[in-house]
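No value in this document is a laboratory result; all are computed from the given coordinates. Given the structure is predicted, the values throughout are model-derived calculations rather than measurements. A quick note on method: Cβ atoms are made from the backbone with ideal geometry, for glycine too, and the neighbour counts reach across all protein chains shown.
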Amino acid sequence: MLMSFAGRGKSACIAAADTTPPTMSNRRINRPFSHLLLGLLLTGMSGWSVAGEVAVDPADNGADIRDDTTEDADSRSAEVAAAAEGMVDVVPEKEQDDDVPLADAVDAAEGSAEPLSLLGTGVAPGSSMRLSWSATELFEGVPVSTPVLVVNGRLPGPTLCLTAAVHGDELNGVEMVRRVLHDVNPRKLSGAIIGVPIVNVQGFRRGSRYLPDRRDLNRYFPGNPSGSAAARIAHSFFTNVIANCDALIDLHTGSFERANLPQIRADLRNPDVVTLAQGLGGMVILHSSPAVGTLRHAATQAGIPAVTLEAGGPSQLELNEVKHGVKGIETLIAELGMQRNMRRWTDPEPVYYRSSWVRADSGGILFSDVSLGSTVREGDLLGTITDPMNNARTELHSPYSGRIIGMARNQVVMPGFAAFHVGIASAKTPVETTEPPVARDESASDDYVDGMSEEE
């Protein structure tokens, strides 16, 4: 049974031990596939009306764009810290509505919905429309447009947002958004669904996780209108799109040739986030505090409950993972009362309050002995690393009892490489922390963050 949501405010923040949680209001295909999919999204979709694009000129002269993979980490961290500390005003103040549980919003609403105003365009009740958001320009002066799909229901209700391809090489979420948006009937919908299938169009076109300047967009939210190119893009997207959401599902995959068992990453100390995670039905839930700079963290800080749905790996379209994610999202839509004829998924899955990555202690080629979803006991063999030069072999054993919720594909690894992600069976509640983790940009350091930050 879903917990209730309450009225949302701009200044809400993630709860610590003595802090009130934020609330919210009612209201395996290859790279050529990615280019084809992008073309389809950019040129139009049958059944969707098209509105003009909204462009935000970041006035970026490209001075901070570099050809190498290095970056001033202190400079990047300062941008994130400034936004996190409220030094950058990101979300415009919104009027507070009466506190009404989101799941009850449909029953409490009377009459017809009003037009949804987004990106300078009004979307009529009971209709669908394809809008366009543009945050920056290429050096040729041509705007980079991103499709924004909107379904505005005939009846009032909450606004659910779906974002995908914040990392440009993650394809599964792109297809999830397309399927969900095209399955929704606006005449039967209460509330609205906003879907952005490709947030990072520039990375998507190149089959890259990053922006053209090698920055990770999901390290810069909520952004800075006068910061780096990444910070400006993040600010534009957050202000023009995310600020209009009542709840957010950010879709991702594993990174760097790793794959994830379909799972929900959520801050389980936040009741509204718990509600959102539970509403997705039979899917593994992993407690993780959102790292500063991620879209999930920025949204939650702004009073918009958000979770990350991880499924599969990068650079491929994996239909089983896509179906899994779509089933979860449609379950949420039904649980929120937005479209009651949606299929529901109630098969229970475990909640993991702890997890740990098992790292390689030697270099070589990884051969896995387990698969995603495998149950393991402490001491079980997870895989073997073989040195092709001298035939030396090193075994990797699980230090915990639990389940494989993420793992590297068989590949060349180096010492320290995160190979297997184990969800640890535990009855403990989430550990309270006063400081959320900081997501580092892989381009800023030779080291990268494993676990949640690495993938999100």
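Using the 10 angstrom Cβ neighbour count as an exposure proxy, how do ASP272, ASP347 rank, fewest first?
Working: ASP272 26, ASP347 7.
Going from sparsest to densest Cβ surroundings: ASP347, ASP272.
For segment 218-230, the Karplus equation 6.51 cos²θ - 1.76 cosθ + 1.60, evaluated at θ = phi - 60°, returns couplings of 7, 10, 10, 6, x, x, 8, x, 10, x, 5, 4, 4 Hz by residue, with Gly and Pro reported as x.
Mind checking the full-extension length gain between ALA425 and ASP369? Use 0.36 nm per residue of separation minus the Cα-Cα distance, one decimal, nm. Can you show the working numbers first?
On the way: separation 56, 0.36 × 56 = 20.16 nm, distance 2.05 nm.
Value of the extension gain: 18.1 nm.
Extension gain, HIS397 to GLU257: 0.36 nm times the residue separation minus the Cα-Cα distance gives 48.3 nm. Segment LEU319..ARG409, full-extension length gain: 30.6 nm, with 0.36 nm per residue of separation and the alpha-carbon distance subtracted. Each residue of segment 386-391 is assigned a 3J(HN,Hα), and the resulting list reads 10, 7, x, 7, 10, 6 Hz, derived from the Karplus form 6.51 cos²θ - 1.76 cosθ + 1.60 (θ = phi - 60°), x at Gly and Pro. Computed from phi, the 3J(HN,Hα) profile of segment 182-192 under the Karplus parametrisation 6.51, -1.76, 1.60 (θ = phi - 60°) reads 7, 8, 7, 9, x, 6, 10, 8, 10, x, 9 Hz, with x in place of Gly and Pro.
For SER426, the residues 5 or more places off, or on other chains, whose built amide H falls under 5 Å of its own are TYR353. Annotation for segment 120-213: chymotrypsin sites (Phe, Trp or Tyr not before Pro) lying in DSSP loop with at most 10 further Cβ atoms inside 10 Å of their Cβ are PHE139.
With the cut-off at under 12 Å, measuring from each backbone N in segment 396-414 to a point 7 Å along the Cα-to-Cβ line of GLU378 picks out 398-402.
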